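Notes follow the structure.
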Amino acid sequence: MLDCFIKERGLSWRLSPLYSTMSEVANEFPVEDSCLIDIDACYQTFDKDGDGQLNLEEFRLICKALFRNDKGHIYPVSEERLRHMFQVFDRNRDGAIDREEFAFCWNHWIKVIVRPTSAFLIVDVQNDFICGPINSQCAQSDGSEVVEPINNLLSTVPFNYVFYSLDWHPPDHVSYIDNVHMRELHPSSPVTADKAQTYDTVVFAGNPPMKQRLWPRHCVQDTWGAELYKDLKVVEGAVMVYKGTNPEVDSYSAFFDNNKLSETTLRTELKERNVTDIYICGLAYDVCVGATIADALALGYRSILVNDASRGVKLCDIERTKENIVSNNGVVVDSHQVLSMVEGRDRRPELGYKLAMQLKTALEEEK
């Protein structure tokens, strides 16, 4: 059935609500993509020598059909990565992908690439990060600049799901500069409580000792500063994710606290919705946005950072965040590129490779 869910370690594929029949899907794809709509057509099309299996060269042709943009430009795939992906699906290591192995490839890889289930995660676009003292620290930019591209994406791109994360701190939160005297500092702390200034890093006593960057008081629970920014569009049915609720530990990522001792509701919410791809943006690029996408990649999600819908604190840290994303097979794009990716018309090889390596890990864990 076209509308069935195919699950593998939280990865899934389902037909977009925009399409209800196979013919509708086929009409949406260019002629060269039509073989990617049906498993039998795909297998027969790329089995060029008709021997009933796919060798490396035939798999290369599949990748050329898969990894292209909406203008028909084929994205290059290195020989090393091509072989890595081929080996994931050649499960018996005989140098070919047989019909049974291809069924696994089709259900858990090709389908996700062609028709992903996409979530849009908007990180911490709150009053205190736009109108408060932290905004003045943004790297040659204004936090409010993220609102227009985010609203445009919400109005024009058919994301399957939308999430908003919110910093949601209690008044005695460990990150606040004016609370630094409330907790004992470790002898290794580079500054004392009396000399600590905003944005300094101190080390609190504990087992183990805990590094903490000190911030102005911000996003206190149930205050105006913690509310989403007034001009930000909030869509019906969106999921709110609250982070930083434990007074003793900070939480930059929308997934986990900084010590990875507890997690928010985000991972469970994504898994319940069978999300495959996460588009992430917001504030601040090099702090909470960067930590969130790092965790998304570590959890195996195909992760995309929307560059022009994010603003950060330090230019050097923003560049470091981008490098970390790319090195972990994520993608950095601008907002005008998102629609074709969500609709499966622009299919990036980095994301395909990321998924293949996640499948490899899952198969190895089954042994």
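Assorted remarks:
- If you go through region 233-254 and keep only what is of a type outside the set (Gly, Ala, Ser) and within 26 Å of Asp346 (Cβ to Cβ), you end up with Lys233, Val235, Val239.
- Ala296 passes every criterion in (1) assigned to a helix (DSSP H, G or I); (2) open to solvent by 10 Å² or more (accessible area, probe 1.4 Å); (3) under 23 Å from Pro149 (Cα atoms); (4) modelled with pLDDT of 95 or more apart from (2).
- Hey, Asp178 modelled with pLDDT under 95, farther than 21 Å from Ile304 by Cα, acidic (Asp, Glu) and exposed (fewer than 15 other Cβ atoms within 10 Å of the Cβ) or not: no
- Residues that are farther than 30 Å from Gln221 by Cα and free of Cβ contacts under 8 Å to residues at least 40 places away in the same chain, drawn from region 105-136: Cys105
- When Ser251 is tested against the conditions (1) among the polar types (S, T, N, Q); (2) crowded, with 19+ Cβ neighbours inside 10 Å; (3) not in a loop (DSSP other than H, G, I, E, B), the lone failure is (3).
- Of all residues in region 254-293 being in a loop (DSSP other than H, G, I, E, B), of a type in the set (A, V, I, L, M) and under 14 Å from the mean Cα position of the chain (by Cα), the one that is farthest from Gln212 (Cα to Cα): Val275
- Enumeration of residues in region 215-248 that are part of a loop (DSSP other than H, G, I, E, B), under 29 Å from Met182 (Cα atoms) and not acidic (Asp, Glu): Pro216, Arg217, His218, Cys219, Gln221, Thr223, Gly244, Thr245, Asn246, Pro247
- Here the helices (runs of 4 or more DSSP H) wholly within region 60-167 that include at least 2 residues being more than 30 Å from Tyr199 (Cβ to Cβ) and open to solvent by 30 Å² or more (accessible area, probe 1.4 Å) are 79-89, 99-105, 147-156.
- Check on Asp277, of a type in the set (D, E, K, R), under 22 Å from Asp308 (Cα atoms) and surrounded by 17 or more Cβ atoms within 10 Å (Cβ to Cβ): yes
- Per-region count, region 194-231, residues of a type in the set (A, V, I, L, M) and exposed (fewer than 15 other Cβ atoms within 10 Å of the Cβ): 1
- So Val332, is it under 26 Å from Asn152 (Cα atoms), open to solvent by less than 10 Å² (accessible area, probe 1.4 Å) and in contact with a strand residue (DSSP E or B) (Cβ under 8 Å, 6 or more places away or on another chain): no
- Positions within region 85-102 being out of contact with any strand residue (DSSP E or B) (no Cβ under 7 Å at 6 or more places or on another chain) and under 14 Å from Ile62 (Cα atoms), in sequence order: Met85, Phe86
- A search for C-beta distances below 6 Å between a residue of region 236-250 that is at pLDDT below 95 and any residue that is assigned to a loop (DSSP other than H, G, I, E, B) and open to solvent by less than 20 Å² (accessible area, probe 1.4 Å), counting only pairs 6+ apart in sequence or on different chains, returns nothing.
The values are calculated or read from the model by the stated rules, or taken from the named source; none is laboratory data. This is a predicted model, so every value here is computed, not measured. FYI the Cβ positions are ideal-geometry reconstructions off the backbone, even for glycines, and counts take in every protein chain you see. Just the protein is used for accessible areas: all its heavy atoms, side chains included, with ligands, DNA and RNA removed. Shrake-Rupley method; radii C 1.70, N 1.55, O 1.52, S 1.80 Å.
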